[in-house]
Each structure stands twice: as C-alpha cells, then as structure tokens.
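Trainee: Sending over a structure as structure tokens; questions will come in a sec.
The values are calculated or read from the model by the stated rules, or taken from the named source; none is laboratory data. Small disclaimer: the values here were computed from a predicted structure and weren't measured. Ideal geometry is used to build each Cβ from the backbone, glycine not excepted, and the neighbour counts take in all protein chains shown. Keep in mind that these areas ignore ligands, DNA and RNA; they rest on the heavy atoms of the full protein, side chains included. Shrake-Rupley method; radii C 1.70, N 1.55, O 1.52, S 1.80 Å.
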Amino acid sequence: MRSCSIITATLISILSCTTIMAQFNYDESKVPAYELPELLQLNDGTPVKDAAAWNEKRRGEVLELFRSEVYGRRPGRPKALRFEVTKKDEEALGGKARRREVRIHFTSKENGPSMNMLLYLPAKAKGPTPAFLGLNFIGNPTVSNDPGITLRKRDKDSDRGMKTGRWQADMVIDRGYALATIWYGDIEPDDKRNAFSQGIHKVYGPANKIPPDGWGSIAAWGWGLSRALDYFETIDEIDHKRVAVIGHSRLGKTSLWAGAEDERFALVISNDSGCGGAALSRRAFGETVKRINTSFPHWFCDNFNKYNGREADLPVDQHMLIALMAPRPVYVASAVGDRWADPRGEYLSAKHADPVYRLLGTEGLPAQKMPPVDKPSMGRIGYHIRTGNHDVKAFDWKAYLDFADKHLGRP
Ligand code: GCU
C-alpha cells in the first residue's frame, strides 16, 4: 500500500514537473538575440589587454558582480573549525581502498552544526594522492554498496548503493585518485521554507536579517566544500593542491561557485549544471532565471530576483563564471536529453570563457563548434555532450579522470 502511494506521488511529481518544463522554450529559432556582457573590459570600459589586468583588476570585478547579484557573499573559515575522525581507516572496496569517515565541526559546540565526510583513499598509494571531492544528494551510504559506510539516523539501509553509478568509486580508485563526498543537507537543508533557519546559515544570524546580497544555499554548500579542503590541508594522504571539485545539477552550480570563490580548488567540474550554473542565462532556452528563482528562492541571493524576465540587464552571464576558474582547468558536461539545462548554452559558456584562458597563456576550449555527441573536447577547458539524460554516468567519470590525468598529473 505504502509503496503504491509513493509510486503515485512520484508519478504526480514527475508529471507536474514535465508539465511545467513543457511550457518553456526548446526551439533554437526562438532563442532571443542577445549580447553578452564584455568579459575583457573593466566596469569603467577600459579594455583588459593582458594577464596582469585580468588577474589584478577584472577577475575581482567579475567575482564581485557574481557575489552581489547572483550567489551572495559567504563568510570565511570559522575560527573554531575542527576535524574529528569518526571512523578510522578500514579496508574497503575489495581491499583496493581505505575508508575513513570524518566529521567537520563548524563551531566549538559538540552538537553544533557539522558535516560528515566519507573518504576513500587508494590503498596502493605511495604518497599524497590527488582527489575528487563532491557533495551528494541523498546521503553517504548511497554512493557505494560498501556495507561499512555508517548509516546515520536519516539514512535508510535499503538506499545503500543506490547511486553507485553516479560515483564510480571503483573506477576513481583504480585510476589512483581519492574520492570524498558529503551529503549536502549536512551543510544546510535544501528547503525553500526553512533553509536559512537551519544548518550553517543559522550560525551566522537570523534568516530575516540576510541582506539582498547575502549568501543563498548554493553559496552555503560551496562554503562547505571549502571546509572539506581545509581538512585535506591537514592530512598527508591527499595532495591538497590537486583537488578536483565536482558536482551534478544544483550541485554542479555549487561546484562552479565553490571553484570561483576558492582558488585552492585545482580543477572544477560541472555536470549538467544548467541555469545558474554553466548555461548562459540570456538564451532563455529551458529553465529561465525567473523560473529558478520562483521554484528555488533560497538558492541565490535576493538581488538575483531583479533579473526575473530581465536577463539582458544582468551585469554578468555564466561564461564569466567559467572564466573565474582561469587558468585552472575547468570541465563542463551536458547530456542530450537534458534540454532543461540547455546543453548548447552550457557549451557556449565554456566557449565564451576561452579568450580569458588564451589571455593567460593557456589553451582554452579546442572545439570551434559544439562537439559531436560522446566526443569530448579537452584543452584547458573541457566539454562534452553525452548520450542520455540528466545524470552522472561512467562515460562522464572516464572523461573527468582523463582530464584530471592531463592537468593534475596521472597518479
Ligand atoms: C531542477 C532545477 C535545476 C536543477 C535540478 C537539480 O530541475 O530546475 O536548476 O539543476 O533541479 O538540481 O536536480
């Protein structure tokens, strides 16, 4: 009976989502004519002609515009931050990995807000290894069938391993990388009604005191990723200068913003991140700024609402977010069936970030036009569009690992 009603509720929610999505533009010929804000021009109109002008002036301006108009400003590292190993290393994944669990406390209170990290280290590693770090949607036990992952009160035994395909822990370890993940709800819940009165937002003041450029949930989740990197700086097993931050969908928006805010991330990956992530907002293809601010009012800062239906007024577009990674390697991935995220808009963002990469003396995105399906293009910027739907697949991971080998050095 219960499973019947769950199936019915899921079907209703899929149907209502599909009905909403169907009302949006998916016709390339209906994409409005648009002009992107100048990437290589200071706010006062001065052209940015060399790497120094980008590094010392323009990058800071662009970052500031995203902070004040899109994602909101986040706090720094809390003084009381501390790390507690909650489960010491044990053999896992058939002996090829060591599993560790670490609680990262955001305050000095024993039962204050904290996040729980699951970490797999390659057992054969001879020295510090590069790592992939990403947030997960449903809980740490869902990322692998490994029975040793601690089930917390909210986790269901029956959900163990349900997202194995999305994480490919075996493949990552076989290629010599460490893999770390945290349930994003530990940092704060993804809840439009109560997000800011729980989790990390609560530590920094009451929900009704958040200014128009105050941080939204995407900034909060990205802040959490930086705290995980703080932990890596304290251990010898991981080379904290070779950490790739990865995320899918809303968590792909998060990995991009985390990479922009925290230049310690050596490589940044956006998997199907769409609107408010890699996709150009001005194309109005699939999800729009108004739609995302209506469905998910807690993801961005309040100022972002000014651009509902007025994308042309935005002082930035998402190619400028990709450019904030430069000259660090960045990978943008799309899926053919993920039209809501606007695959072409994701490709164009990557492409329009290319001039900054070239200005800084690196290769940008080699593909001059959108690459064929399932054929990654990899320069210092990587891009692919894969067969299939909104998801993370083995194909995506293989490309990310090849890209990491190319730029971080094969472990
Ligand atoms: C919704 C939302 C997207 C988001 C996605 C997800 O579809 O509209 O912007 O990327 O959820 O995170 O799953």
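Trainee: Skipping prolines and chain starts, which residues have an amide H placed within reach, meaning under 5 Å, of the one on Arg73, given they are 5 or more residues away or on another chain?
Mentor: Correct list: Gly214, Trp215.
Trainee: Scan around Trp183 for amide H atoms under 5 Å from its own, H built in the peptide plane at 1.01 Å from N, and keep only partners 5 or more places away or cross-chain.
Mentor: Asn116, Asn136, Asn140
Trainee: Still on this structure: What translational diffusion coefficient, in µm²/s and rounded to a whole number, does the Stokes-Einstein relation yield for the range 117-191 at 25 °C and a viscosity of 0.890 mPa s, taking the hydrodynamic radius as the Kirkwood radius over Cα pairs? Display every interim value, and only then the final one.
Mentor: Values: Rh = 12.9 Å.
Answer, rounded: 191 µm²/s.
Trainee: Among Phe132, Ser29, Thr254, whose Cα lies farthest out toward the positive end of the dipole of the chain, if unit charges sit on the beta carbon of Lys, Arg (+1) and Asp, Glu (-1)?
Mentor: The listed residue farthest towards the positive side: Phe132.
Trainee: Roughly to the nearest percent, how much of the accessible area of the range 14-93 is carbon and sulfur, given a 1.4 Å probe? Don't jump to the answer; show the numbers that get you there.
Mentor: Numbers: 2650 of 5000 Å².
It is 53 percent, rounded to a whole number.
Trainee: Find the relative contact order for the chain and round it to a whole percent, using C-alpha pairs within less than 8 Å whose residues are 6+ positions apart.
Mentor: Numbers: 843 pairs, mean separation 66.1, N = 411.
Dividing the mean separation by the residue count of the chain yields 16 percent.
Trainee: Based on the Cβ-Cβ distance from Glu263 to Thr387, what FRET efficiency comes out when R0 is 35 Å, to the nearest 0.05?
Mentor: Details: r = 34 Å, r/R0 = 0.97.
Calculated value: 0.55.
Trainee: HN-Hα J couplings of the range 176-185 from phi, Karplus 6.51/-1.76/1.60, θ = phi - 60°, integer Hz, Gly and Pro as x?
Mentor: x, 9, 8, 10, 10, 8, 9, 5, 5, x
Trainee: Now, a different point. Rg (Å, one decimal) plus Dmax (Å, integer) for the alpha carbons of the range 291-396?
Mentor: Calculated on Cα positions, Rg and Dmax stand at 15.0, 41 Å.
Trainee: I've got another one for you. Give me the one-decimal nm value for the distance between modelled label points at Asn308 and Asp191, 7 Å along each residue's Cα-to-Cβ direction.
Mentor: Label-label distance for Asn308 and Asp191, simple model: 2.3 nm.
Trainee: Through the Karplus equation 6.51 cos²θ - 1.76 cosθ + 1.60, θ set to phi - 60°, convert the phi angles of the range 107-122 into ³J(HN,Hα) values in whole Hz; use x for Gly and Pro.
Mentor: Using θ = phi - 60°, the values come out as 9, 7, 6, 4, 9, x, x, 7, 10, 10, 9, 9, 10, 10, 10, x Hz.
Trainee: Also, quick follow-up: Return the carbon/sulfur percentage of the accessible area of the range 100-170, one whole number, probe 1.4 Å, all protein chains in place. Provide the component values of the computation, followed by the final result.
Mentor: Values: 1580 of 3140 Å².
The nonpolar share, carbon plus sulfur, comes to 50 percent.
Trainee: Spelling out what I want: for every residue of the range 368-381, take phi, set θ = phi - 60°, compute 6.51 cos²θ - 1.76 cosθ + 1.60 (Karplus), and round to whole Hz; glycine and proline get x.
Mentor: Computed from phi, the couplings for the range 368-381 are 7, 10, 4, x, x, 4, 6, 10, x, 10, 10, x, 7, 9 Hz.
Trainee: In square angstrom, what is the accessible area per residue of the chain with a 1.4 angstrom probe? List each step's numbers first, then the result.
Mentor: Numbers: 17340 Å² over 411 residues.
Accessible area per residue: 42 Å².
Trainee: Give me P(r) over the range 342-411, computed from all C-alpha to C-alpha distances, binned every 5 Å, as integer percentages.
Mentor: That works out to 3, 16, 25, 24, 19, 9, 2, 0, in percent per bin.
Trainee: Same structure again: How many percent of all Cα-Cα pairs in the range 22-166 sit more than 20 Å apart?
Mentor: Numbers: 7218 of 10440 pairs.
Looking at the range 22-166, the distances longer than 20 Å represent 69 percent of pairs.
Trainee: May I pose another question? On full extension of the chain, what length is gained from Glu110 through Ala394, given 0.36 nm per residue of separation minus the C-alpha to C-alpha distance? List each step's numbers first, then the result.
Mentor: Numbers: separation 284, 0.36 × 284 = 102.24 nm, distance 3.90 nm.
Length gained, Glu110 through Ala394: 98.3 nm.
Trainee: Turning to a different aspect of this structure: Viscosity 1.567 mPa s, temperature 4 °C: give me the Stokes-Einstein translational D for the chain in µm²/s, with Rh taken as the Kirkwood radius over C-alpha pairs.
Mentor: On the way: Rh = 21.6 Å.
Using the Kirkwood radius from Cα pairs, D works out to 60 µm²/s.
Trainee: Additional query: Between Ala207 and Arg154, take the C-beta separation as r, use R0 = 22 Å, and let me know the FRET efficiency to the nearest 0.05. Could the numbers behind the result be given before it?
Mentor: Details: r = 22 Å, r/R0 = 1.01.
It comes out at approximately 0.50.
Trainee: Can you tell me the dipole magnitude for the range 159-206 around its Cα centre, using point charges on the Cβ only (Lys, Arg +1; Asp, Glu -1), in Debye to the nearest 20? Walk me through the numbers before you get to the answer.
Mentor: Working: 7 positive and 7 negative charges, 22 e Å.
In total the dipole reaches around 100 debye.
Trainee: 5 Å is the cut-off here: which amide hydrogens, built 1.01 Å from N in the peptide plane, fall below it relative to Thr86, excluding neighbours closer than 5 in sequence?
Mentor: Amide H neighbours of Thr86: Glu101, Val102, Arg103.
Trainee: Taking the simple approach of a point 7 Å from Cα along Cα-to-Cβ for both Asp89 and Glu35, what is their distance in nm?
Mentor: Between Asp89 and Glu35, the label points sit 5.8 nm apart.
Trainee: Still on this structure: Once you charge only the Cβ atoms, +1 for Lys and Arg and -1 for Asp and Glu, what is the size of the charge dipole of the chain about its Cα centre, to the nearest 20 debye?
Mentor: Working: 59 positive and 51 negative charges, 122 e Å.
So the dipole magnitude of the chain works out to roughly 580 debye.
Trainee: Then there is this: Per-residue ellipticity at 222 nm for the chain, helices alone: DSSP H runs ≥ 4 residues times -39500 (n - 2.57), over residue total, nearest 500 deg cm²/dmol? Intermediate values should be presented prior to the final figure.
Mentor: On the way: 11 runs with 117 residues, N = 411.
Calculated from helices alone, the mean residue ellipticity at 222 nm is -8500 deg cm²/dmol.
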